[in-house]
């Protein structure tokens, strides 16, 4: 039972899962805060409905992000103790800053938001939500600072064999972190955009299917009403606004990911050239971007690959903003790595286990990096095209709604997954592309500041223990994913009224309200 | 009295104490959350309305309270990475279970009322009480094991297999924090509710707290016998005074003062335990030379100094805004403050109010 492989699978699975919830929290939170502020400023009732409905879905998802984040924090110590010992001086600090300066604010003010509807005046209440969302963005920043230090270690000196922090500003302003953070934030906003578009499309389609909204002879939509469940004319406005807002946010975010991603790729060529070469399955130095390479990527031998379609000059443009500077290929990079970081792992079984003394393969898994990179771009692009389509369909205010075709509404729901997939594949690409290092060396820094993944796992923990947690967490995560989606679907189907029971007549409630104003506006 | 601090490095001592502050914050604040979670079982709560009253006493605050644990963990990582690495890897299986419990606690609070069916509510309610119990037990076990030691080798790695941590200390610490949490939970419910629940909570607090607090008292005394010094004896004495005063206030019906007394008891008790451990943070039961101490487990002075500024800025502000939260939600809850439960699916069939479009 190899602890290293299981620990890596566990970290990978739990991270990808955690990062399903996180981008939705970051992106949708910002949109909801914006909607609430719009409500305060304009007093328009539909903004209140928008705030209440989307914040409900936001909260159902938020809690899953919290608990899965806890697993991430604990795992460093539990499964990666040797890593924690090595990097603790510089890696623990951003995590502690995240707790003290960001996460406390996020969860405390979110509690005030959830329960504070009737306790705080609206502007203060909206400020609580805004503060919570801002803190979640700050929290993401600290976590990405920690992650980026693993990609590009800065601000440290080696003392007694451990990297010791000497410049916290360098750590916090790591170029890798700034690039990755902006990229991740735009990625999160695109997730939120896709989420809103898919759900709003479905709700508008349901109104048509139920015969509430119809299309008149002039081709314009005739907005109808139903007496129950707050399915009134304002309801149409809610979904129409959500649809357009989601598409705009998502499209802007996509453009943002493209620019920040471009910047990030340029840094990567400088800082982790092997990752970029593996993403391109590029053996030799060159200038062309491969759209499709065939052969066996899994064989880890790029000379067996045939590039079927490539765009001349694009890789150079991505890397250096011109069309003719060669980008280093795998074959020219491996000797450089071998010369600087050795050809074999140190012969130290205590640290490296069965891998002690083995030859180091500096090439990350090419199948993963190659397809991960392309998967990210493709999924992000498909979702951006869908946003354009949405903006086209809804281009004339007061005239359009979604088509009656059922299959498009199913496609819209499925389309929610695309930005999630882009986020996941992007992270898988960048983390797997860092291998065989857990702390990738800074090519311009001290070559001793690096760590092989093979040395990072907890020496005292058996593979069986890690397998136990992997299976336990895996089963629970799987079950909770079903529960979360079930609840989200339940609330989406019910619509705004699910978040605003006060919109409908309820004979039970009127009794309570007559007794006095003691009843909580929101209660578990 | 303060000679235990002589010859010890200042920065590391500050961080040892700051971690103490974070842990005391956690034990007090999430302590009553966990206690309330356990009280939601059928042994205390009589019906669904009462369970919802209990849950809503902690509703706005429990998530912020849990962050004390997250921050205590992250601050240990930042300030004493070797302690964090050795302790967390040695306790692999108990911490896996703790994570499972933390997941279920949070999710069950959030999801239990999201569907109005008896089976759904009963499932999440059981999950909530069981996971609250388990979190308290395992956090207690972790704290007791770091105080009494683990079989660690020279590198700080656990030897003796996956269950080498399974010693009487696990039960001593586990039952201590379960008992403490139940006591805090009862005191909090007595303070935050009105009517029958308040009355019942106060009665049970008076009757059962001596029993609930017995394990933690034994733990404090055990630490004094094995490694107590003058200062920790003083804190032991103060803890005894605090708990006696708290009990008297509870008996006389001053819930706020009883709760405050318990907060002091927790703080003094924790200080009595962990200053007796100081300057060790995690002793090795194999060889004293392998003990992890504030010196050999710590981060560099530079990192600790940076973190000083972070704590100096973050902690006071934290106390202000978390304190403000309790002020905002200061009103006592009764069964009549709880709105009627409904399933969101049923709402869609109810008639829309006439004024709904500008509500």
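The numbers here are math on the coordinates, done by the rules we state, and not lab data. Predicted, not measured: the structure shown is a model, and the values here were computed from it. Note: ideal-geometry Cβ built from the backbone for every residue, glycine included; neighbour counts use all protein chains shown.
Cα centroids of the stretch B:204-251 and the stretch B:1-26: how far apart, whole angstrom? One Cα centre to the other: 21 Å. For the segment B:298-308, counting C-beta atoms of other chains within 10 Å of every residue's C-beta and taking the mean gives 5. When only alpha carbons are used to place a centre, the stretch B:55-108 and the stretch B:129-176 end up 14 Å from one another. The protection proxy used here, the mean number of other Cβ atoms lying within 10 Å of each residue, ranks peptides B:202-211, B:20-29 as follows, highest first: B:20-29, B:202-211. Shape analysis of the stretch A:219-345 places it in the prolate category; the axes a ≥ b ≥ c from the Cα gyration tensor give an a/c of at least 1.5, with a/b above b/c. In terms of surrounding Cβ atoms within a 10 Å radius of their Cβ, B:192, B:353, B:114, A:397 rank from fewest to most as A:397, B:353, B:114, B:192. A straight line joining the Cα centroids of the stretch A:476-504 and the stretch A:80-127 runs 25 Å.
Placing one identical point scatterer on every Cα of the protein assembly as shown and ignoring solvent, what is log10 I(q)/I(0) from the Debye formula at q = 0.04, 0.06, 0.09 Å⁻¹? Those come out to -0.19, -0.43, -0.96, one per q.
How tilted is helix A:175-209 with respect to the longest principal axis of chain A? Cα atoms for both, answer in degrees (0 to 90, nearest 10). Value to nearest ten degrees: 30. By the count of neighbouring beta-carbon atoms within 10 Å, fewest first, A:173, B:13, B:96 end up ordered A:173, B:13, B:96.
Across chain A, the relative contact order, built from alpha-carbon pairs under 8 Å that are at least six residues apart, equals 21 percent.
The overall shape of chain A, judged from the alpha-carbon gyration tensor, is prolate: a/c is not under 1.5, and a/b is greater than b/c. Per residue, the protein assembly as shown reaches -23000 deg cm²/dmol at 222 nm when only DSSP H runs of four or more residues are counted, each adding -39500 (n - 2.57). Counts of other chain beta carbons within 10 angstrom of each beta carbon in peptide A:64-77 average 6.
Mean per-residue shielding of peptide B:329-335 is 2, counting Cβ atoms of other chains within 10 Å of each Cβ. Taking the fewest neighbouring Cβ atoms within 10 Å as the starting point, the ordered list for B:264, A:373 is B:264, A:373. Overall form of the stretch B:17-358: prolate. Here a/c, set by the Cα gyration tensor axes a ≥ b ≥ c, is 1.5 or more, and a/b is the larger of a/b and b/c.
Relative contact order for the stretch B:17-358: 23 percent, from Cα pairs under 8 Å spaced at least 6 residues apart, divided by residue count.
Mean separation of Cα pairs under 8 Å and 6 or more residues apart, divided by the residue count, gives the stretch B:1-109 a relative contact order of 29 percent. Rounding to the nearest 10 and keeping the result within 0 to 90°, find how far the Cα-based axis of helix A:45-79 lies from the longest principal axis of chain A. Tilt relative to chain A: about 30 degrees.
Relative to the longest principal axis of the Cα atoms of chain A, the long axis of helix A:233-271 makes an angle of roughly 10 degrees. A simple packing score, the average count of other Cβ atoms within 10 Å per residue, orders the peptides A:426-432, A:500-506 as A:426-432, A:500-506, with the highest score first.
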